[in-house]
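Everything below concerns the one structure shown next.
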Amino acid sequence: MSDLPQERAEDRATTTTGDHPIVVKGLRNVFGDHVIHEDLSLEVRKGEILGVVGGSGTGKSVLMRSIIGLQQPAAGEITVLGHRIGDASEEDDVDLRSRWGVLFQGGALFSTLTVGENVEVPLRQFFPEITDDLRSDIARFKVRLSGLAEEAAFKYPNELSGGMRKRAGLARALALDPELLFLDEPTAGLDPIGAAAFDSLTRELKETLGLTVFLITHDLDTLYAICDRVAVLADRQVIAVGTIPELLALDHPWIQEYFNGPRGRAALAAKDDPAVSPEHEARPAVDTSSTSYEEPGAGTNRPGGTGA
Ligand SMILES: Nc1ncnc2c1ncn2[C@@H]1O[C@H](COP(=O)(O)OP(=O)(O)OP(=O)(O)O)[C@@H](O)[C@H]1O
């Protein structure tokens, strides 16, 4: 293991869950005889966007599912917002689940419901007492907050572009004003302009809403553009956590290949070039006044072809 996680292991002794809304210790996940995680530990800092990277099949999604209680680990302790996952009473469990939002790969929208109705699903589930009108108003607000025109609330998922579906999934993830946002490959399948716009939206929402974001991605541009730190999964563990410069200083072969390979260097060059950085988008990422269905962020200069 590199120096970075070792330092973090020492930090753990003094960790308060207030500073670290997500704390994972000694996690083990196994499917049959396939060990996915072994003694995996990770802490997510309050208010950060933590990028989670690793080769395909290293267990990024399984880690996320373990944190949100959808995957029962074979061993280990997961504490989210001060509550031990798996140990909470049913009431605490419901309270906890209302404090995070999740954008699954592909959006996971109900195809027979409109976007607005999709956003209303968690509102109905967790706040059954609110009126139909208020629920509908909240849903339309979340749709706008996610950078879609309000009219998109009345569309079905199959009437939307891939980028708009991601935003619709984001609107649903934001339905309950969460403290934690989990994003599983949010820019996968988006064109470079749509991906850059989604990155900017994520950063802007994190800052305006005070979110802590756990973001699984293969997209190097996303890592450079918006992540405060990056956690690297390899060899069944989180082998390092740090800023990209900190990770680049490590000599782990996968980290070097990932960040210093041709795509990594291209993403770094793009970040350092003011002409192509996300701050220079022609349109704001969150355009709550827009009434058009045009993909938000059109006019960005994100370079193409950098998704790993
Ligand atoms: N329910 C399950 N039953 C059996 N094996 C599973 C299950 N869920 C995940 N796995 C296996 O666990 C491993 C890790 O899967 P996971 O989806 O977390 O990988 P990942 O790092 O997110 O990959 P990718 O980057 O390709 O999305 C894979 O080998 C996968 O086949």
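FYI, it's all coordinate maths here, none of it is from the lab. Remember, predicted model here, so these are calculated numbers, not experimental data. In this analysis, Cβ positions are derived from the backbone assuming ideal geometry, glycine residues included, and neighbour counts consider all displayed protein chains.
Under the rule a/c < 1.5 gives rounded, and otherwise a/b versus b/c splits prolate from oblate, where does the range 176-258 land using the Cα gyration tensor?
The shape class here is prolate.
Just rank Arg124, Arg45, Arg172, fewest to most, by other beta-carbon atoms within 10 angstrom.
Arg124, Arg45, Arg172
Please report, in cubic angstrom per residue, the volume enclosed by the convex hull of the alpha-carbon atoms of the range 59-123.
For the range 59-123, the hull spanned by Cα atoms encloses 106 Å³ per residue.
Run a plain Debye calculation on the range 116-177 (Cα atoms as equal point scatterers, no solvent) and give log10 I(q)/I(0) at q = 0.17, 0.20, 0.26 Å⁻¹, rounded to two decimals, same order as the q list.
-0.47, -0.65, -1.04
State the extension gain, in nm to one decimal, for the chain segment bounded by Leu209 and Glu91, taking 0.36 nm per residue of separation less the distance between their alpha-carbons.
In short, 40.0 nm is gained.
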